[in-house]
Amino acid sequence: MDWLFGNPVLMWWMAAGSLMMLVAGLVLVPVIVVRLPRRYFAHRRRRERMLAPRHPLVRYSVLLIKNVVGAVLVVAGLLMLVLPGQGVLTILVGLSLLNFPGKYRLERWIVSRPAVFQSMNWLRRRYGRRPLVL
């Protein structure tokens, strides 16, 4: 910790990154929830893959970049649990970008919690969208 507090420039960059993550979370979470298709969580398995019809080089490049960014955010979020920043939010954003077996099932499980589901539908109603279907 002495090394960290001995580097004020690093502390300022971390504080700026933390503030950016807070603002991004406050802006992006409602946008994503409102733009989700109504029946996004209605199926037991994920239905279609967005990149499936693309050229393999494009598909794998996008997947690689998305997963690298997700992994970096998860690691940054873990660091922010003990350092200043929005650690949990950063970890959740990173996990949402990663591809791993059981991810859709995990997303459905989280959304099926009554408090989460009600909050998401409240947000959708506030912006004039129909509620999500599980």
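With the gyration tensor restricted to C-alpha atoms of the chain, the semi-axes of the equivalent ellipsoid amount to 30, 21, 13 Å, longest first. Taking each DSSP H run with n ≥ 4 as -39500 (n - 2.57) and averaging over every residue of the chain yields -22000 deg cm²/dmol at 222 nm.
The listed peptides 109-118, 18-27, ordered by packing as a protection proxy, come out as 18-27, 109-118 (highest mean of other Cβ atoms within 10 Å first).
No lab work stands behind these numbers, since they all come straight from the coordinates. Being a predicted model, the structure only gives us computed values, none of them experimental. Cβ coordinates were reconstructed from backbone atoms using ideal geometry, including for glycine residues, and neighbour counts include every protein chain displayed.
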